[in-house]
Amino acid sequence: MLKYIMRFEQLDRCPVCESPEHAAKFTLPDYLYAVPGTFEYVTCAGCATVYQNPRVALEDLEQCYPSNYFTHFAPGAAAPDGPHDAGRWTGTLRKAIRRYADGTSADDISAFAKFSGAILAWIPGAARWARYGVRDPLAASGNGGRCLEVGPGAGNTLRRLHWIGWEAFGLDVDAAAAATAQAATGCDVKVGTLTGVDFPDGYFELIFMSHVLEHLPDLRASMERCFRLLEPGGRLVVVYPNPESLGIRGTQQFSVNWDPPRHLVLPPMNAAINLLKSVGFQDFETRTSAGSAAGYRKIGRQYRAGRTGKGFENTKPSIGDRAFALYETVLVMFGAPVGEEIRITAWKPMN
Ligand SMILES: [Zn+2]
């Protein structure tokens, strides 16, 4: 058993806007894996970013990630979200769309699903989503450009990026995770950090990171490096937990969005945009997604009920969780930025 002696460092400025002013928010235990200790979070007075302070020191961050951390699947293990999301409604819909877009067989789906597929197959991008499970912001230009996924986990998205025509690279701070992703995708997955890795400037057309930004101990420097690694006109796509989601208003400190001690920094959307502007990005496309709302609310309820240190459990969300997720989905559709995940696409100017 690993013995935890965790060291902490005090931050004198917000890692997003560099304001020295902040207010205590809460002190939390690790609900997910029960890493020993409690972890303090503050809210920045300048940009409302929630960040860990004092935070786990760089040298000890590794101790926050038990070997069963959920991105670590054994090499060759079945991807949890396969190309057809078997058994889920999204899988059925993708099958139905492909029936019309690609002429593939779909005998086992309902007449209603077939009808929906026939309609949706007309929407630009729907066929690509149906084929690869990758939505438009990650689409390849068809010119064989290079893309980089930071933190590819088990490699599901990296594999799809490769399928749709990118020359896809991965980067992971964890050697075991990098080896897993490389074995699962056949792509070159390097071990290291954004600030340390040795790709040349202007090498990539797309950099993608999902649920990585909030783990970065050097957020500003990492975003600066992303900007330099992109070619002119290239884009950065980041997805991370929304510190101002609707779910948090219900689950409060039990929200899975905080995930102490692994989550170090959670900027509201505007704060993240300002940070990206300050390193040179100019054009932005933003939205939030309610796709995780039911699952997140389920976990928050379990934490509140005292279930801690047991990792994620593969149970279905309750009726209440699903009703809540539907409500959040409707609000997001009407433009309220309250989904559980923030999704930002940021473009590097052409010159
Ligand atoms: Zn700030």
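Give the distance, in whole Å, between the Cα centre of the stretch 1-67 and the Cα centre of the stretch 246-324.
Here the two parts' Cα centres lie 17 Å apart.
If you plug each phi of the stretch 191-201 into the Karplus form 6.51 cos²θ - 1.76 cosθ + 1.60 with θ = phi - 60°, what whole-Hz ³J(HN,Hα) values come out, in order, with x for Gly and Pro?
Result, rounded to whole Hz: 9, x, 10, 4, 6, x, 5, 9, 8, x, 4.
Enumerate by residue number the trypsin sites (Lys or Arg not before Pro) in the stretch 244-326 meeting two conditions: DSSP loop (anything except H, G, I, E, B), and at most 15 other Cβ atoms within 10 Å of the site's Cβ. Mind dumping the intermediate values first?
Details: sites: Arg249, Arg262, Lys277, Arg287, Arg297, Lys298, Arg301, Arg304, Arg307, Lys310, Arg322; in loops: Arg262, Arg307, Lys310.
Hits after loop and neighbour filter: Arg307, Lys310.
Of the heavy-atom accessible surface of the chain (probe 1.4 angstrom), what whole percent is carbon and sulfur? Mind showing how you got there, number by number?
On the way: 9050 of 16730 Å².
C and S atoms contribute 54 percent here.
Counting only DSSP beta bridges with both residues in the chain, tell me the antiparallel percent, nearest 5.
On the way: 28 of 47 bridges.
Given both bridge residues lie in the chain, the antiparallel proportion sits at roughly 60 percent.
Angle, helix 175-185 long axis vs. longest principal axis of the chain, Cα atoms, 0 to 90°, nearest 10?
Once rounded, the angle reads 10 degrees.
Only helical DSSP H runs with n ≥ 4 go in: add -39500 (n - 2.57) per run for the chain, normalise by residue count and round the 222 nm mean residue ellipticity to 500 deg cm²/dmol.
About -8500 deg cm²/dmol.
Mean shadow of the stretch 166-206, computed from the convex hull of its alpha carbons, in nm²? Provide the component values of the computation, followed by the final result.
Numbers: hull surface 12.0 nm².
Value for the stretch 166-206: 3.0 nm².
Around Ala121, what is the net charge, scoring Lys/Arg as +1 and Asp/Glu as -1 over all other residues with Cβ under 10 Å from its Cβ?
On the way: positive: Arg98, Arg99; negative: Asp102.
Net local charge, Ala121 excluded: +1.
Once you've got the Cα coordinates, tell me which of Lys95/Lys348; Lys190/Lys310; Lys95/Lys316 are over 27 Å apart.
Values: Lys95/Lys348 36 Å; Lys190/Lys310 30 Å; Lys95/Lys316 23 Å.
Violating the 27 Å Cα-Cα cut-off are Lys95/Lys348; Lys190/Lys310.
For the stretch 240-279, take every pair of Cα atoms, bin their distances at 5 Å starting from 0, and report each bin as a whole percent.
5, 24, 27, 21, 14, 7, 2
Calculate one ³J(HN,Hα) per residue across the stretch 37-42 by plugging θ = phi - 60° into the Karplus curve 6.51 cos²θ - 1.76 cosθ + 1.60, and present them in order as whole Hz with x for glycine and proline.
With the stated coefficients, the stretch 37-42 comes to x, 10, 10, 9, 10, 10 Hz.
Which residues make up the longest stretch of the chain clear of GluC sites (Glu not before Pro) that lie in a DSSP loop with no more than 15 other Cβ atoms within 10 Å, not counting the sites? List each step's numbers first, then the result.
Working: sites that count: Glu18, Glu21, Glu313.
By the stated rule (loop sites, at most 15 other Cβ atoms within 10 Å), 22-312.
Could you go through the stretch 213-228 in sequence order and give the Karplus-derived ³J(HN,Hα) for each residue, using 6.51 cos²θ - 1.76 cosθ + 1.60 with θ = phi - 60°, rounded to whole Hz, and x for Gly and Pro?
Values, residue by residue: 3, 6, 9, 7, x, 10, 4, 4, 5, 5, 5, 4, 5, 4, 4, 5 Hz.
If you check each cysteine of the chain for another cysteine whose beta-carbon is under 4.7 Å away, which ones come up empty?
Isolated Cys, the chain: Cys64, Cys147, Cys187, Cys226.
Taking only the alpha-carbon atoms of the stretch 84-132, what semi-axes of the equivalent ellipsoid follow from 5 times the gyration tensor eigenvalues under a square root, in whole Å, largest first?
On the way: eigenvalues 40, 28, 17 Å².
Those come to 14, 12, 9 Å.
For the chain, report the translational diffusion coefficient in µm²/s to the nearest whole number, using Stokes-Einstein at 4 °C, 1.567 mPa s, and a Kirkwood Rh over Cα pairs.
Values: Rh = 21.3 Å.
Here the translational diffusion coefficient equals 61 µm²/s.
For the chain, modelled as a GNM with alpha-carbon contacts under 10 angstrom, which of Met333, Met209, Met269 fluctuates the most?
Met333
Counting Lys and Arg as +1 and Asp and Glu as -1, each charge on the Cβ, what is the dipole of the stretch 134-283 about the Cα centre in debye, to the nearest 20?
240
For the stretch 230-303, what does the alpha-carbon gyration tensor say about shape, rounded, prolate or oblate, given a ≥ b ≥ c as the root eigenvalues, a/c under 1.5 as rounded, and a/b over b/c as prolate? Intermediate results must be reported in sequence, preceding the final value.
On the way: a/c = 2.71, a/b = 2.26, b/c = 1.20.
Prolate, because a/c is 1.5 or more and a/b exceeds b/c.
To the nearest 10 Å², what's Leu138's accessible area with a 1.4 Å probe?
Surface open to solvent at Leu138 totals about 20 Å².
Compute the semi-axes of the equivalent ellipsoid of the stretch 292-351, taking the square root of 5 times each eigenvalue of the Cα gyration tensor, and list them largest first in whole Å.
Working: eigenvalues 179, 59, 14 Å².
After diagonalising the Cα gyration tensor, the semi-axes are 30, 17, 8 Å.
What lysines does Lys25 reach when the alpha-carbon gap must be under 24 Å and sequence neighbours fewer than 8 apart in one chain are set aside?
Lys25 reaches Lys298.
If Lys and Arg each add +1 and Asp and Glu each add -1, what is the summed charge of the other residues whose beta carbon sits under 12 Å from the beta carbon of Asn270?
On the way: positive: Lys277; negative: Glu244.
Net local charge, Asn270 excluded: 0.
In degrees, nearest 10, range 0 to 90: what is the angle between the Cα axis of helix 319-333 and the longest Cα principal axis of the chain?
For helix 319-333, the angle is close to 80 degrees.
Would you rank His211, His22 by solvent-accessible area, highest first, keeping every protein chain in place and using a 1.4 Å probe? Display every interim value, and only then the final one.
Working: His211 50, His22 75 Å².
Sorted descending by solvent-accessible area, the residues read His22, His211.
Starting from the amide H of His211, placed 1.01 Å from N in the peptide plane, find each other amide H under 5 Å away whose residue is 5 or more places distant or on another chain.
For His211, whose amide H was placed from the backbone, the distant partners under 5 Å are Val239, Tyr240.
Which of the listed residues, Val191, Ile342, Phe312, is farthest toward the dipole's positive end in the chain, when Lys, Arg count +1 and Asp, Glu count -1 at the beta-carbon?
Toward the positive end, the furthest listed residue is Phe312.
The values are calculated or read from the model by the stated rules, or taken from the named source; none is laboratory data. These numbers were taken from a predicted model, which means no experiment stands behind them. As a convention, Cβ positions derive from the backbone with ideal geometry for all residues, glycine included, and neighbour counts pool all protein chains shown. Note: accessible area is taken over every heavy atom of the protein model, side chains too, but ligands, DNA and RNA are not part of it. Shrake-Rupley method; radii C 1.70, N 1.55, O 1.52, S 1.80 Å.
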